[in-house]
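Report on the structure given below.
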Amino acid sequence: MAPVPSCPTEAIPLRATTVDLAEADDFIRLHRSEHPEEGPVEHRLAEVHAEVAATGTYRHTAAELAFGARVAWRNSARCIGRLYWHSLKVRDLRDLRDPKEVADECVEHLKLATNGGKVRPVITVFAPDEPGQPGPRIRNEQLVRYAGYRGPDGGVLGDRRNADLTDHVIGMGWRPPAERGPFDVLPLVVEREDAEPYLLELPRDAVMEVPISHPEYPWLANLGLRWHAVPAISNMRLRIGGVDYPAAPFNGWYMGTEIGARNFADTDRYDLLPYLGKRMGLDTSRVQTLWRDRVLVELNRAVLHSFAEAGVTITDHHTESDRFLTHLKKEEAAGRSCPADWTWIVPPMSSGITSVFHRYYDKNELVPNFFPGDTKGVCPVIH
């Protein structure tokens, strides 16, 4: 779709300050300490200092960018799936800042990450913020989001979390399908302070979706539930050595509970538990019957079953908990700290019987890292 006029939103803040040299120095030293083959650190530090003195910022080498993006994943305290941080494919598109070009490459990101269902971790890094020249921003929390249509009775058809974004893109000129449904894919919105926002409808061949069925409840397949294959977070700011990359969509693969215990179950999302409890014939009159727990287990079984049937990469919360502790041991053996936010690392289902539950974690925030974006009305999620 062509650029359209923006509806009123808070302006994207322009970052005009120069790079923090101490943070830049720390990053360059970290990179050279783990990759001494890149050459003497003092020579590179001198280059960076000279470039910052002249321009207020500096440009990472391709090797520094790839390392920084992978370490940002390694340092992400809210992510349980960091064992494979070193395998992250880094797409260096720092010369792109035009909203249309950014949107088009987000489509390529989805195709590359989907990989026919064998999902692979990918990050695409677009132009950074520079003094006097802002980088692009992606308004969507993830590259693929489902619409949430507000009804006159106050209800929402679709994903309640995306009701504001749905209102926003309709205000920009997006036309929903003639027959609105609970899983209508929203268009991508790319913004830049000094350019018109760009609205792009994602092509169908870029969005792989998995129909949800259950191994023992055949009626569940008739409900029309589905979910997209690639969780590509798109509104977080990648910070490497003092340089901010506000548009750097990245993905791993789903853990089943992100879909079954959060997206489908949360009351501010699809809130499916009450309906499914009745369909399963459970006593939903009081919480003591544990009907919600029983529905939650079956819903998560359905998600794992469906992704396996479709040949799409997914992991379960027990396996991923064990993998995280393996990652933790590797980091400790390498002499590195491994920050972790307990409230995000511990799965939202059967928490006490997962291996990550009964322990404490380092909470220190490290850089490089991913930080909340600065677009109004948007905060990061992984679900």
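The values are calculated or read from the model by the stated rules, or taken from the named source; none is laboratory data. In this text, all values refer to a predicted model and were calculated from it rather than measured experimentally. Cβ: placed from backbone, ideal geometry, glycine included. Neighbour counts: every protein chain shown. Side chains included, ligands, DNA and RNA excluded: accessible areas come from the protein's heavy atoms. Shrake-Rupley method; radii C 1.70, N 1.55, O 1.52, S 1.80 Å.
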Exercise. For region 73-183, what is the accessible area per residue in Å², given a 1.4 Å probe and the full set of protein chains?
Worked result: 39
For this session: Output the peptides 302-310, 196-204 sorted from most to least packed, where packing is the average of other Cβ atoms within 10 Å over each peptide's residues.
Result: 302-310, 196-204
For this session: Would you mind telling me the share, in percent, of accessible area of region 275-366 contributed by carbon and sulfur at probe 1.4 angstrom?
Result: 51
Problem set entry | Cα-based Kirkwood hydrodynamic radius, region 94-150, one decimal, Å | 13.0
For this session: Could you please put 167, 95, 316 in sequence from largest to smallest accessible area, using a 1.4 Å probe?
Result: 95, 167, 316
For this session: Please sort 64-76, 150-162 by packing, taking for each peptide the average over its residues of neighbouring beta carbons within 10 angstrom, highest first.
Result: 64-76, 150-162
Exercise. Calculated from DSSP H runs of 4 or more alone, at -39500 (n - 2.57) each and per residue, what is the 222 nm mean residue ellipticity of the chain, nearest 500?
Worked result: -9500 deg cm²/dmol
Seminar exercise, completed: From the cross-link list 89/111; 89/363; 89/330; 111/363; 111/330, the entries with a Cα-Cα span beyond 23 Å are 89/363; 111/363; 111/330
Problem set entry | Unit Cα scatterers, Debye sum, region 77-203: log10 I(q)/I(0) for q = 0.09, 0.12, 0.23 Å⁻¹ | -0.32, -0.56, -1.32
Seminar exercise, completed: Highest GNM mean-square fluctuation among 288, 142, 133, for the chain with Cα springs under 10 Å, belongs to 288
For this session: Leaving out ligands and nucleic acids, note down the accessible area per residue over region 264-383 with a 1.4 angstrom probe, in whole Å².
Result: 53
Seminar exercise, completed: Going residue by residue through region 128-136, the Karplus relation 6.51 cos²θ - 1.76 cosθ + 1.60 with θ = phi - 60° gives ³J(HN,Hα) values, rounded to whole Hz and with x marking Gly or Pro, of x, 6, 10, x, x, 9, x, x, x
Problem set entry | Simple Cβ-charge dipole of the chain, Lys/Arg +1 and Asp/Glu -1, about Cα centre, in debye nearest 20 | 1100
Seminar exercise, completed: With the charge dipole of the chain built from beta-carbon charges (+1 for Lys and Arg, -1 for Asp and Glu) about the Cα centre, the Cα from 112, 71, 310 projecting farthest to the positive end belongs to 310
